[in-house]
1. Report the charge-dipole magnitude of the chain in Debye, nearest 20, computed about the Cα centre from +1 at each Lys and Arg Cβ and -1 at each Asp and Glu Cβ.
2. Separation between the V344 and R70 pseudo-spin-labels, each 7 Å from Cα along Cα→Cβ, expressed in nm?
3. Shape verdict for region 31-130, please, from the Cα gyration tensor: rounded (a/c under 1.5), prolate (a/b greater than b/c) or oblate.
4. Multiply the residue gap between A320 and D9 by 0.36 nm, knock off their C-alpha separation, and tell me the result in nm, one decimal place.
5. How much of the DSSP bridge set in the chain is antiparallel, in percent, rounded to the nearest 5?
6. For the chain, what is the accessible area per residue in Å² when the probe is 1.4 Å?
7. Order 383-395, 52-64 from most to least packed using the mean count of other Cβ atoms within 10 Å.
8. Contact order normalised by length for region 29-228, with contacts defined as Cα pairs under 8 Å and 6 or more residues apart; what percent is it?
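The values are calculated or read from the model by the stated rules, or taken from the named source; none is laboratory data. Here the structure is a predicted model, which means the values were calculated and not measured. Ideal geometry is used to build each Cβ from the backbone, glycine not excepted, and the neighbour counts take in all protein chains shown. The area values use the complete protein model at the heavy-atom level, side chains included, leaving out ligands, DNA and RNA. Shrake-Rupley method; radii C 1.70, N 1.55, O 1.52, S 1.80 Å.
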Amino acid sequence: MVLTLHKPDTATVSPCGKLTGTLAVPGDKSISHRVGILASVSSGISRVHGFLKSADCIGLLKAMEALGARTHLTREGDLYIHGTSGKLLQPAGPLDLGNSGTAMRLLTGFLSGFDMPVVLTGDDSLRSRPMRRIEDPLRRMGANLELMGEKGCAPIRVTGGALKAIEYEMPVASAQVKSCIMLAALRAEGTTTIIEPQPTRDHTEQIYKALGLPVTVRDQTITVEGFGPDGPVLKARAWDIPGDISSAAFWMVAAAAHRRGSVTLQNVGLNPRRTAVLDVLKRMGARIKVSPKKKHDAGEPVGEIRVSGSRLKGTVIGGAEIPNLIDEIPILAVAAALAEGETVIKDAHELRVKESDRIQTMCENLKKMGVAVEEMEDGMRISGPASVRSGGMVDSYGDHRVAMAMAVLALFSDAPLMIKHVNCIETSYPGFWDDLTRLGGHVE
Ligand code: S3P
């Protein structure tokens, strides 16, 4: 008889009287995806320190293995990627990218320049997310794509071929779309120009520069020179991936709002296109000290963030700030609930097409816990400070950032809170519960 043990998918988090400690959060998810793809087609063996060992990133590595790369994880946690020197194998079946929108959008662009049919698929959430945003520019480049799901969704069949450079003004501010086009552009004939409506995270640009690839950036215009159908020769190198500021944000908010909070987060990525969360928290009155480290790798600044508890006040979050903190909005909504006065989050339509409709799921959960929140089409309005009631149970709807944001809010509740569907946290932050416990929280 085979016995299968399922990890429970529900957690009960208790209120906590003190929140202190020092943590090194796991590696940056966006950078891990980009390095995982590019090291897989480099010539030679790349050593990657700090690669995020989460379900999304391991899923990406499995896909790269199906395409011919080999990977090896050491006991110390370093990842070695044996690249394919620019060639790819025809995978035996569809590539299942689980919950990762980044893997799906970036790989579709990357595979558009390879002359073989590949099907990319994922879980229910990923198969409900919009893919026309990459179909349009890739088709203009001459890529052969079929969105096999309903209403412009995955699975995607990509049969690569000869690509031509385009000039593309992006209708949405999306680093995934930008990076998808930048990856396709490497195997196109000519120079591709991409114009962003607002600045988004620029990890792909930084990695291209580190690899010596011809990329130029002027304000919100990025150009990439194509190498034609054979693509560039990428040399394997060592990568050092910093901790993910989006994961650090959960503890920043927890410490900032806690009267006995004092948390130090080490080795956090401080790329200026990712640090708006720090600006917002400072605006809300948080006591934050950032100490940048002198040495950093591949254009990615790194440093230590210390946060201690204070009284937070409401603020307005919107405009060009949104793409810079798009993944931090669920936890900033928690900060808003604990802050004095009104917080307005606007211009954030994109939240509706993340791993869940984050406007709806956060508003529903906050309401259940006694927070005064009003749902808006492009965001939410929150009045605090709430006296947080456990209300019994909330549901993450399978969204990792909603699950973690609600776990942090539970630390401030009047009674233990049960959170349904927490296994999704594995997609981005495998050690989340250990870190919560390390800081003084309690979870069952
Ligand atoms: C990401 C970009 C963002 C972000 C996602 C990761 C990336 O998505 O929400 O978690 O790695 O490029 P969009 O670019 O679609 O906004």
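1. Dipole magnitude for the chain comes out near 980 debye.
2. In this crude label model, V344 to R70 measures out at 5.9 nm.
3. Oblate, since a/c reaches 1.5 and b/c is not below a/b.
4. Value of the extension gain: 108.3 nm.
5. 70
6. 39
7. Packing proxy ranking, top to bottom: 52-64, 383-395.
8. 16
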